């Protein structure tokens, strides 16, 4: 059986590693351009090489995932890996709950205790982080990061490359444009234009 490879060996990669291990026993190799080892609990895992090494050895792996939280960096590497057709599924933690009518894109990761409800669509290369709640009929477009503890009501649309900060809340039927940053703890009650930075309760544009 072929292995899985993860590119990126920072803190986020530990959560991705445990997410995969919750539902499969497949071997996982790490690659990173800077680090040589990664400590997870009592384990110290040897990094197999850098990104160039991973490209050369891609034939060894059934799937390759980008385990980097930063949207811009994750997108850059995902687009390169996607050309190899090694990101042909999503990952979800065993404790997550995903509706059978939900659609989730390739390379996306759904973390522990998250819930994705009916007829929601999530694009490729997204992070649905720990204990996120996404209600029915939402659309989250590619390369977005929904941080831990976010609550999204029904019918919300979130554009590409968005960052929804930890603990934020978005009421029903809100539309959020591409490249939006929503600060931690914000409550979004109005539509948000593309390329905005919003924060507060209720959230207001600060950029």
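The values are calculated or read from the model by the stated rules, or taken from the named source; none is laboratory data. Because the structure is a prediction, the values reported are computed rather than measured. So basically every Cβ, Gly included, is an ideal-geometry build from the backbone, and we count neighbours across all protein chains shown.
On the basis of being in a loop (DSSP other than H, G, I, E, B), in contact with a strand residue (DSSP E or B) (Cβ under 7 Å, 6 or more places away or on another chain) and in the same structural domain as residue 25 (by TED's automatic domain parsing), does residue 62 make the cut?
no
For region 19-58, which positions are in contact (Cβ under 8 Å) with a residue 40 or more places away in the chain, within 16 Å of residue 109 (Cα to Cα) and assigned to a helix (DSSP H, G or I)?
19, 20
Considering only region 132-151, I want to know if a residue exists there that is assigned to a strand (DSSP E or B), touching a residue at least 40 places away in the same chain (Cβ under 8 Å) and crowded, with 20+ Cβ neighbours inside 10 Å.
Yes - at least one qualifying residue is present in region 132-151.
Which ones in region 130-162 are closer than 26 Å to residue 94 by Cβ and in contact with a helix residue (DSSP H, G or I) (Cβ under 9 Å, 6 or more places away or on another chain)?
Passing the criteria: 130, 142, 143, 144, 145.
Which one of these is part of a loop (DSSP other than H, G, I, E, B), surrounded by fewer than 19 Cβ atoms within 10 Å (Cβ to Cβ) and at positive phi: 178, 195?
One residue alone meets the criteria, 195.
Scanning region 66-87 for residues that are assigned to a loop (DSSP other than H, G, I, E, B) and within 18 Å of residue 144 (Cα to Cα), which turns out farthest from the chain's Cα centre (by Cα)?
87
Any idea which of 45, 68, 81, 73 is exposed (fewer than 14 other Cβ atoms within 10 Å of the Cβ) and closer than 29 Å to residue 131 by Cα?
None of the others qualify; the one that does is 73.
Yes/no per residue for (1) in contact with a strand residue (DSSP E or B) (Cβ under 8 Å, 6 or more places away or on another chain); (2) within 25 Å of residue 66 (Cα to Cα); (3) outside the structural domain of residue 72 (by TED's automatic domain parsing):
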site: 107; (1), (2), (3): yes, yes, yes
site: 125; (1), (2), (3): yes, yes, yes
site: 141; (1), (2), (3): yes, yes, yes
site: 145; (1), (2), (3): yes, yes, yes
site: 178; (1), (2), (3): no, yes, yes
site: 186; (1), (2), (3): yes, no, yes
site: 202; (1), (2), (3): yes, no, yes
site: 205; (1), (2), (3): yes, no, yes
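Of all residues in region 19-42 being surrounded by fewer than 15 Cβ atoms within 10 Å (Cβ to Cβ) and touching a strand residue (DSSP E or B) at 6+ places or on another chain (Cβ under 7 Å), which is modelled with the highest pLDDT?
For region 19-42, the residue satisfying everything is 37.
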